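What follows is a set of notes on a single structure, which appears directly below.
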Amino acid sequence: MPDREPEMAQLFAVKRQEQLYTANEVAHFERSKYAKKYVDRKATASPSTASTYRTHTAALAQFIYRTQEQAELDDFVDSIKAGKHNPYDVLADFAAFITRERTGDKKIKPNSLRVMVKVAKRFLKFSGCPITNEDFKEQVSLPRRESVEKKAVDKRDVITILNAAQDVRLKTYLMYEAAYGPRPLENAALRNRDVDLEKETVTFRADFSKMRVARTRRMTKELAQQTKLWLAEKYRPYRTTVNERKVWRAPKANPEDLFFAPYHVDGKIPQPKTQYNQLGKRFHDLLSSISMGSWEENGRRREITQNSLRRFAKTAISDLGFSDYSEWWIGHENSTYYRKSEREREEMFRKIEPYLTFLDVAGLEAHSADIEAQLKVVKEQTDRQIRVLTQSYEQKLQDMEARFMRELEARKEGFESQKALEQNKERLIVEVPTTNKRA
């Protein structure tokens with residue numbers, strides 16, 4: 001089946017453009033050399049970022065077209081550079097235009113307005129207009145950023161979701177999300193070559209990572225087993241018709257195949273974005289089927305999303321006391337001073353593995369039994385140490401008591417000897433004068 005993702009994205013962009021812009025406004029924006037240069041520069045870093053910047057720059061061009069007597073965007077930017085217009089007044093008026101006059105959106109969200117105005121500011125600054133961040137903050141008023149407290153999911157929620165997923169593909173995808181905490185597109189972009197069952201590792205690609213850094217992580221025993229189930233399902237022999245005859249075919253795994261994409265007979269490899277959209281829709285359908293698909297108050301997102309599983313992985317590891325390790329595990333940019341050797345990372349992984357295991361009941365019971373056995377050994381060792389210490393204490397106490405009694409007896413004997421000497425001395429004193437008198 002051919003990949004329709006670019007075609008669908010283009011169709012959506014065209015429909016959105018028809019809702020917001022007239023044909024003349026579109027042509028007006030397309031004629032701008034400044035806008036083209038600006039978007040092309042952003043595309044070098046990230047095509048998705050360039051698409052967002054293009055949309056918001058087009059909104060600025062529409063504002064200029066409607067409020068400045070259809071002036072060309074480049075000509076108007078040149079007039080700002082020449083000092084004929086105050087760039088801060090232009091940006092403030094642009095914010096008011098987006099809020100009150102623009103067609104298509106009845107009410108724009110404060111966060112969206114902030115992004116649009118800031119992109120317009122960056123475009124004008126890129127084009128040579130004299131703008132400073134300090135003056136922008138002082139002269140252009142923007143609404144405060146709104147934020148919604150994200151609903152937390154605990155391990156029981158994750159287990160409920162995984163148990164409800166009957167599709168092996170979806171269950172494996174969600175298990176990867178909950179165990180590794182990758183960004184959804186990073187997960188969808190995994191290839192067969194990135195999953196190594198011999199070493200039990202998974203490598204997330206740099207070109208689909210936000211930080212543009214590839215990372216390799218260990219695989220839990222449960223995840224290794226689930227991976228084998230998915231690959232067996234994906235590349236199972238299938239029956240097809242050739243020249244009106246039913247024949248069996250055995251698919252061959254291609255290292256470049258997307259790991260979570262179904263097998264394609266024609267050998268075509270779909271886009272990761274396509275897999276992200278497909279699996280995201282199935283995930284939302286799954287949540288709705290188990291009464292966990294409620295929406296946030298603003299009605300724009302569900303309370304539980306794929307990123308909820310990313311937050312779960314981060315929280316589960318962080319709550320064990322391994323905050324820096326949790327940042328490293330999910331691919332956040334962590335401190336340059338946090339470094340662990342491979343041996344230390346392996347030890348840390350073994351500590352967190354039970355908390356990232358969800359359906360392996362036998363493994364969890366074995367781990368629990370192992371912990372109980374370890375606790376029993378520790379208790380026996382502790383009791384033994386207590387007995388040794390108690391015996392040592394009692395022996396020392398007896399030795400101290402014996403030494404005290406010996407010292408007491410010695411002092412008593414000394415006191416009695418001293419008393420006898422004093423009595424003899426007094427007797428001698430009495431006897432001496434009597435002897436002198438006789439003499």
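The values are calculated or read from the model by the stated rules, or taken from the named source; none is laboratory data. Given the structure is predicted, the values throughout are model-derived calculations rather than measurements. Every residue, glycine among them, receives a Cβ derived from its backbone with ideal geometry; neighbour counts consider all protein chains shown.
Summary of computed values
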quantity: Test: residue in segment 127-144 that is surrounded by 13 or more Cβ atoms within 10 Å (Cβ to Cβ), modelled with pLDDT of 95 or more, of a type in the set (Gly, Ala, Ser) and under 16 Å from the mean Cα position of the chain (by Cα); calculated: no
quantity: Filter pass, Lys268 being over 30 Å from Phe349 (Cα atoms) and either assigned to a loop (DSSP other than H, G, I, E, B) or among the β-branched types (Val, Ile, Thr) (or both); calculated: yes
quantity: Filtered residue count, segment 151-175, keeping only those that are under 19 Å from Pro270 (Cβ atoms) and touching a Lys or Arg at 6+ places or on another chain (Cβ under 6 Å); calculated: 1
quantity: Residue match in segment 175-186 (condition: touching a residue at least 12 places away in the same chain (Cβ under 8 Å), farther than 21 Å from Glu256 by Cα, within 18 Å of the chain's Cα centre (by Cα) and surrounded by fewer than 21 Cβ atoms within 10 Å (Cβ to Cβ)); calculated: no
quantity: Segment 255-268: number of residues that are in contact (Cβ under 8 Å) with a residue 60 or more places away in the chain and surrounded by 15 or more Cβ atoms within 10 Å (Cβ to Cβ); calculated: 5
quantity: Condition check for Ala178: touching a Lys or Arg at 6+ places or on another chain (Cβ under 6 Å) and over 22 Å from Ile64 (Cβ atoms); calculated: no
quantity: Residue match in segment 224-236 (condition: outside any helix (DSSP H, G or I), without any contact (Cβ under 8 Å) to a residue 40 or more places away in the chain and either on the phi > 0 side of the Ramachandran plot or out of contact with any Gly (no Cβ under 7 Å at 6 or more places or on another chain) (or both)); calculated: yes
quantity: Filtered residues of segment 38-47 (kept if outside any loop (DSSP other than H, G, I, E, B) and surrounded by 12 or more Cβ atoms within 10 Å (Cβ to Cβ)); calculated: Tyr38, Val39, Arg41, Lys42, Ala43
quantity: So Lys396, is it more than 30 Å from Gln225 (Cα to Cα) and modelled with pLDDT under 75; calculated: no
quantity: Given (1) closer than 18 Å to Ser326 by Cα; (2) at pLDDT 95 or above, number of the condition Met211 does not satisfy; calculated: (2)
quantity: Residue that is surrounded by the fewest Cβ atoms within 10 Å (Cβ to Cβ), among those in segment 302-354 that are assigned to a helix (DSSP H, G or I) and among the β-branched types (Val, Ile, Thr); calculated: Thr315
quantity: So Gln423, is it modelled with pLDDT of 85 or more and in a helix (DSSP H, G or I); calculated: no
quantity: For Ala178: the one exception among (1) within 28 Å of Thr160 (Cα to Cα); (2) touching a His at 6+ places or on another chain (Cβ under 9 Å); (3) of a type in the set (A, V, I, L, M); calculated: (2)
quantity: Among the candidates Thr22, Thr49, residue that is β-branched (Val, Ile, Thr), over 25 Å from Lys137 (Cα atoms) and not assigned by TED's automatic domain parsing to the domain that holds Gly299; calculated: Thr22
quantity: Residues (under 30 Å from Leu309 (Cβ atoms) and either part of a helix (DSSP H, G or I) or touching a Ser or Thr at 6+ places or on another chain (Cβ under 6 Å) (or both)) located in segment 130-162; calculated: Val153, Lys155, Arg156, Asp157, Val158, Ile159, Thr160, Ile161, Leu162
quantity: Any hit, segment 206-223, residues being without any contact (Cβ under 8 Å) to a residue 60 or more places away in the chain, part of a loop (DSSP other than H, G, I, E, B), in contact with a Lys or Arg (Cβ under 7 Å, 6 or more places away or on another chain) and over 19 Å from Arg350 (Cα atoms); calculated: yes
quantity: Number of positions in segment 89-108 that are within 20 Å of Arg145 (Cβ to Cβ) and modelled with pLDDT of 85 or more; calculated: 7
quantity: Residue that is within 26 Å of the chain's Cα centre (by Cα), in the same structural domain as Trp328 (by TED's automatic domain parsing) and not acidic (Asp, Glu), where the choices are Arg239, Arg249, Arg218, Arg245; calculated: Arg218
quantity: Residue count, segment 38-74 (criterion: free of Cβ contacts under 8 Å to residues at least 24 places away in the same chain, within 18 Å of Cys129 (Cβ to Cβ) and not hydrophobic (A, V, I, L, M, F, W, C)); calculated: 2
quantity: Qualifying residue in segment 93-108 (condition: farther than 30 Å from Trp295 by Cβ and acidic (Asp, Glu)); calculated: yes
